[in-house]
1. For HIS128, HIS210, give the ranking by accessible area with the largest first, probe 1.4 Å.
2. How much net charge surrounds HIS210 when only other residues with a Cβ under 10 Å from its Cβ are counted (Lys, Arg +1; Asp, Glu -1)?
3. Any idea what the relative contact order of segment 167-279 is, in percent, if you count C-alpha pairs under 8 Å spaced at least 6 apart?
4. What distance in nm separates the two pseudo spin-label positions at LYS120 and ALA281, each 7 Å out from Cα along the beta-carbon direction?
5. Could you pull the accessible area for TYR85 with a 1.4 Å probe, rounded to 10 Å²?
6. So for the pair ARG221, LYS262, with labels modelled 7 Å out along Cα→Cβ, what separation do we get in nm?
7. For THR147, THR86, what's the largest-to-smallest order of accessible area, 1.4 Å probe?
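The values are calculated or read from the model by the stated rules, or taken from the named source; none is laboratory data. These figures come from a predicted structure and were not determined experimentally. No Cβ is skipped: glycine too gets one built from the backbone with ideal geometry, and neighbour counts run over all protein chains shown. Heavy atoms of the whole protein, side chains included, go into the accessibility calculation; ligands, DNA and RNA do not. Shrake-Rupley method; radii C 1.70, N 1.55, O 1.52, S 1.80 Å.
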Amino acid sequence: MRDPQEKQKKNHEKRLLPTVITHRHLSSYDFFSDDNCSRAQTNVSIALATIKSEIGYDRKPVAMIWMRCSFSLSQGGPRSMIKLYTFPPSTNSRKVRIVLIEKGLEFERINIDLSKKEQKNPEYLKIHPFGQVPALDDEGFILYDSTIINEYLEDEYPYPPLLPEDSEGRARARLMEDFRDNYFNPHFVEIIHEVRYKPEGERDLKLIEHAKAEIAKCFDRIEKELEGREYLAGSFSLADIAYMPNIDLLERFNIPVDPKYKNMLAWIERLKARPSYAASAS
Ligand SMILES: N[C@@H](CCC(=O)N[C@@H](CS)C(=O)NCC(=O)O)C(=O)O
């Protein structure tokens with residue numbers, strides 16, 4: 001079996017394009033209030049050293065792109081692109097697109113058109129045995145299920161981290177992701193089946209109303225989990241990402257969030273403001 005450290009090093013060297021130095025690495029050096037270029041270089045060196053201590057080896061930047069609150073450091077060399085089997089409107093596909101974008105990983109999108117039942121084509125069933133999206137191909141390693149894919153990406157490309165460092169935080173993130181996958185999202189799926197795939201006159205309106213009420217019941221739990229926290233597990237994590245694809249649908253399906261859910265409404269705005277929210281829409 002390959003040494004996991006070696007494998008991680010190889011993957012980073014080959015594919016983590018770009019590496020992002022986030023606010024977390026720079027803020028303690030007061031970089032953002034300073035326009036001085038040599039000071040900027042010093043701070044990037046410090047940030048790279050911090051990253052080295054986190055991931056255990058050097059990164060060699062060849063280009064630097066200034067972004068509003070982060071640096072992107074691109075590295076040349078051979079690359080083999082991650083392939084994502086995806087369908088733009090699929091909420092579970094978008095969960096994975098967000099993680100790839102947040103981690104600065106380049107990926108090729110292979111569209112599997114669910115409206116044409118392409119997910120059930122014999123060729124695709126070799127990729128995903130249950131005929132669903134998303135599925136991911138990372139240099140020939142093929143896996144499926146959005147939650148498992150996102151955990152894999154977190155393990156394989158740990159920078160920037162999308163799970164808290166402590167066990168309690170990690171468990172909290174996973175609990176909330178489970179709540180989204182098994183209690184929140186399935187009601188959206190029920191509505192999608194009625195609205196997207198049936199003509200207006202044939203839709204089961206009772207079922208739609210029941211699904212909307214079940215979704216609204218989940219708001220209590222989300223509100224409570226966000227008490228005293230900006231994000232579900234404290235810092236932005238896979239848990240928040242799981243809910244991001246459903247935010248658009250709240251509006252599209254006319255499911256209002258009662259103003260009493262103050263934490264949740266503020267959290268929704270925070271999530272919508274992330275560049276990965278718009279970038280993952282299709
Ligand atoms: N647990 C799976 C569920 C995947 C899933 O339900 N995908 C939907 C799209 S969001 C799909 O492919 N539906 C088509 C079908 O089941 O035939 C995951 O999280 O990836």
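1. Values: HIS128 5, HIS210 105 Å².
In descending accessible area the options line up as HIS210, HIS128.
2. On the way: positive: LYS206, LYS212; negative: GLU190, ASP204, GLU209, GLU214.
Around HIS210, the charge tally is -2.
3. Values: 82 pairs, mean separation 35.7, N = 113.
Normalised by residue count, the contact order of segment 167-279 is 32 percent.
4. Taking the simple label geometry, LYS120 and ALA281 are separated by 3.2 nm.
5. Estimated to the nearest 10 Å², TYR85 gives 30 Å².
6. 2.4
7. Details: THR147 30, THR86 5 Å².
If we order THR147, THR86 from most to least accessible, we get THR147, THR86.
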